[in-house]
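Heads up, the thing below is written out as structure tokens.
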Amino acid sequence: MMSKLRRREAMWFYLFASPWIIGFVVFLLGPMIASIYISLTDWDSFTAPEWVGLENYKRLLTDDPVFWKALWNTFYYAAISVPLGLVIGLWLANLLNKQVRVRKVFRTLIYLPTLVPLVATAMIFKMVLAPSGPLNDVLGVVGIPGPSWLLEAMWVKPALILLSVWGAGAATVLLLAAMKGIPRELYEAAEVDGASPIRQFWSITVPQLTPIIFFNLIMGLIGAFQVFSQVYILTKPVGGPDNASQMMVPLLFNEAFSFYHMGYASAISWLLFAVILVFTLMAFRTARRWVFYETEVK
Amino acid sequence: MATVMSTVAPPEQKHEPGPERERERSKDRVIGVFRATPFTYATLIIVSAVLCVPLVFVVSIALASDQTVNANTFTIIPREFHWDNFTRVFGTDLPMHRFLMNSVIISLGAVVGQVLSSGLVGYAFARLRAPGKNALFIIVIATMMIPAQITMIPQFILFKELGWVNTFLPLIVPNFFSNAFNVFLVRQFVSRLPSEIDEAAMVDGLGFFGIYRRIMLPMLAPVLIAIGIFTLTATWGDFMGPLIYLNDESKMPLALGVQYITSTSQALQAPPWNLVMVGSILLTLPMILVYYLGQRYLYEMDISGGSAGVK
């Protein structure tokens with residue numbers, strides 16, 4: 001039996017936690033259950049839903065070339081943009097970690113693009129990537145005829161990757177902070193042993209940072225699978241030429257809010273969840289490794 | 001690695017750097033990997049310049065005349081300086097003042113909601129004892145894995161049934177129910193505070209709400225400010241939410257409004273790119289200001305740059 005005091009404490013807990021509990025039920029649990037049901041129906045949100053069982057999933061996986069294309073494009077985008085951003089971030093962080101004069105100025109300039117909201121970034125790149133925009137001007141000077149980036153099926157994905165790499169400053173600042181935490185003694189020892197700067201980078205800096213790099217890789221991939229605004233704003237009609245830039249969330253958005261295929265769109269959202277879940281589980285599976293690594297070093 | 005360390009720097013010396021050791025070190029040659037070469041400077045200058053080109057280009061477009069826009073003859077470095085573009089957007093040309101006002105209302109509503117609710121819930125999870133609490137906390141963590149797209153459609157239906165479509169409510173109200181990430185942040189923060197503080201307050205006869213209101217809330221300031229900054233940045237730049245819920249131009253926040261201007265211009269007529277870029281600058285400047293004023297708190301919280309809990 002709980003004492004009176006403990007019962008009062010429990011009551012206060014549930015009172016204080018009630019915003020989250022109510023929000024969880026109303027905005028998450030309820031909608032999740034509804035989403036499962038909706039995904040098993042054919043529903044335009046105006047007339048009564050019609051039960052179709054697993055038909056939506058079957059059609060998506062076996063009879064919808066656009067879905068497979070969107071899935072492939074999303075993988076392609078995530079698999080290149082995220083590692084590329086981290087590699088550039090690591091490279092720049094290593095440069096900034098040196099005894100550089102006016103380091104703060106360089107750090108600010110590299111970080112500045114990440115403060116620009118995504119919509120503004122998309123507007124900027126719409127102009128930068130225009131067929132006669134500054135990027136192609138520069139390429140022209142070097143003698144390369146630039147493509148019409150966003151208008152060509154072959155170049156629209158690289159264009160979106162370029163946009164994401166513009167934000168490599170986020171990874172730079174993060175990795176730079178982590179580099180500051182590496183014990184100096186490790187480098188002193190390596191210096192005494194005659195290791196070259198490049199060797200010091202690969203044998204000390206990189207191994208010491210792998211946990212944080214790995215964590216950010218997984219988180220970055222999860223974020224990249226949910227890319228939406230850039231695709232929606234930059235490629236018209238949504239999905240780009242020949243659906244070359246159609247991705248999971250823009251496809252879902254189109255099905256739901258342009259065509260009112262609520263059932264079909266809900267099925268897409270669950271398949272997206274499945275993909276993200278695989279990566280989240282990977283992060284949790286390996287979590288012990290990076291946490292252990294951190295504590296061992298410090 | 002551990003063995004290398006111990007042979008070179010004995011632990012007792014490592015833990016107390018001391019002034020002599022610092023002086024000794026500064027006399028030393030800079031360690032290889034930290035040595036900046038001309039190549040380092042060249043690379044940093046080139047990279048910074050390349051990353052800043054789009055920003056300079058935006059300013060150049062924002063200051064261009066309408067003729068330049070129609071002829072599509074922009075230059076990267078500004079050549080003309082039509083500062084009146086910045087006042088034009090607030091006149092009859094564009095409803096920019098409405099966009100800005102809507103952004104401010106939605107963002108402030110969301111910030112107030114998250115700060116009020118996350119503090120309470122996080123404190124409860126950190127300090128109060130109740131049956132079922134641990135199970136609930138596991139659910140809090142688990143919900144972080146669920147992508148927003150799963151609940152997007154049912155939530156839309158819910159808000160449509162409530163008659164909230166084309167109002168700010170779907171973008172503000174859910175924030176008053178906190179979210180898993182913020183609850184987690186507050187809980188971790190409170191866990192690090194000594195529990196003697198609330199025990200003493202309890203002895204003094206303060207109730208749980210009194211403890212939260214008078215003792216905890218002032219101490220939670222850093223984490224609540226961080227949550228405020230996160231919420232503000234996310235809401236200010238949010239595009240998809242307003243795109244789903246808001247139809248009237250007069251109700252759009254800046255992030256949606258800027259895009260809306262470019263999408264509604266006639267097929268043969270170029271969008272007013274100079275004014276669009278003024279809008280993009282207005283969208284960006286507050287974020288730079290917030291970062292500049294808030295970075296102190298973000299670094300204090302050790303959660304900047306999305307590395308929550310890693311460092």
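FYI, it's all coordinate maths here, none of it is from the lab. Keep in mind the model is a prediction, meaning the values are calculated, not measured. Using ideal geometry, Cβ is built from the backbone for each residue, glycine included, and neighbour counts are taken over all protein chains shown.
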**Message:** Classify chain A from the C-alpha gyration tensor, please: rounded if a/c falls under 1.5, else prolate or oblate depending on whether a/b exceeds b/c.
**Reply:** oblate
**Item:** A:Asp137/A:Ile198 FRET efficiency (R0 45 Å; Cβ-Cβ; nearest 0.05)
**Value:** 0.80
**Message:** Compute the distance from the alpha-carbon center of region B:26-96 to that of region B:137-156, in whole Å.
**Reply:** 39 Å
**Fill in**
In a Gaussian network model of chain A with springs linking alpha carbons closer than 10 Å, the residue among A:Leu29, A:Leu15, A:Leu151 that fluctuates most is A:Leu15
**Item:** Centre separation in Å (Cα based) which lies between region B:199-270 and region A:182-238
**Value:** 30 Å
**Request:** Place a label point 7 angstrom from the Cα of B:Arg129 along the Cα-to-Cβ direction, then list the residues of region A:1-41 whose backbone nitrogen is under 16 Å away.
**Result:** A:1-14
**Fill in**
All alpha-carbon distances of region A:125-284, grouped into 10 Å bins from 0, give the whole-percent distribution 9, 25, 25, 22, 14, 4, 1
**Fill in**
chain B: relative contact order from alpha carbon pairs under 8 Å, six or more residues apart, as a whole percent, is 25 percent
**Message:** Looking at chain B as a GNM with Cα springs under 10 Å, which of B:Trp236, B:Trp273, B:Trp164 has the largest mean-square fluctuation?
**Reply:** B:Trp164
**Prompt:** chymotrypsin sites (Phe, Trp or Tyr not before Pro) within region A:21-68: which are DSSP loop residues with at most 11 other Cβ atoms inside 10 Å?
**Reply:** A:Phe46
**For region A:95-160 and region B:275-298, distance of Cα centres in Å** = 19 Å
**Message:** What number results when the radius of gyration of region A:100-184, computed over Cα atoms, is divided by 2.2 N^0.38 Å?
**Reply:** 1.36
**Request:** Give the peptides A:72-83, B:62-73 in descending order of average Cβ contacts within 10 Å, highest first.
**Result:** A:72-83, B:62-73
**Request:** Would you please name the chymotrypsin sites (Phe, Trp or Tyr not before Pro) within region A:169-277 that are DSSP coil residues with at most 14 other C-beta atoms within 10 Å of their C-beta?
**Result:** A:Phe259, A:Tyr260
**Prompt:** When you look at the Cβ of every residue in B:117-124, what mean number of other chain Cβ atoms sits within 10 Å?
**Reply:** 5
**Prompt:** For region B:100-254, how big is Rg over Rh, using alpha carbon atoms and the Kirkwood form of Rh?
**Reply:** 1.04
**Asked** If you stretched the chain out fully between B:Tyr41 and B:Val53, how much longer would it get, using 0.36 nm times the residue separation minus the C-alpha to C-alpha distance?
**Response** 2.5 nm
**Asked** Taking square-rooted eigenvalues a ≥ b ≥ c of the alpha carbon gyration tensor, is chain B rounded, prolate or oblate, where a/c under 1.5 means rounded and, failing that, a/b exceeding b/c means prolate?
**Response** oblate
**Request:** Between A:Ser258 and B:Val30, take the C-beta separation as r, use R0 = 45 Å, and let me know the FRET efficiency to the nearest 0.05.
**Result:** 0.15
**Fill in**
Expressed as a whole number, the average count of other chain Cβ atoms within 10 Å around the Cβ atoms of A:249-258 is 3
**Complete:** The FRET efficiency for A:Trp68 and B:Ala142, from their Cβ-Cβ distance with R0 = 35 Å and rounded to 0.05, is 0.75
**Prompt:** In this model, which of A:Lys126/B:Lys160; A:Lys4/B:Lys133; A:Lys98/A:Lys126; B:Lys133/B:Lys251; A:Lys69/A:Lys126; A:Lys58/A:Lys236 are farther than 30 Å apart at the alpha-carbon?
**Reply:** A:Lys126/B:Lys160; A:Lys98/A:Lys126; B:Lys133/B:Lys251
**Complete:** Loop-resident trypsin sites (Lys or Arg not before Pro) in region B:72-162 with no more than 15 other Cβ atoms inside 10 Å, DSSP not H/G/I/E/B, are B:Arg79, B:Arg129
**Message:** Given the -39500 (n - 2.57) contribution per DSSP H run of 4+ residues, what per-residue ellipticity at 222 nm results for chain B, rounded to the nearest 500 deg cm²/dmol?
**Reply:** -20000 deg cm²/dmol
**Request:** Would you work out the relative contact order for region A:64-297, in percent, from Cα pairs under 8 angstrom that are 6 or more residues apart?
**Result:** 29 percent
**Item:** Whether the protein assembly as shown is rounded, prolate or oblate, judged on the alpha carbon gyration tensor where a/c under 1.5 counts as rounded
**Value:** oblate
**Message:** Quick check: pseudo-label points 7 Å beyond the Cα along Cα→Cβ at A:Lys104 and B:Val104, how many nm apart are they?
**Reply:** 3.1 nm
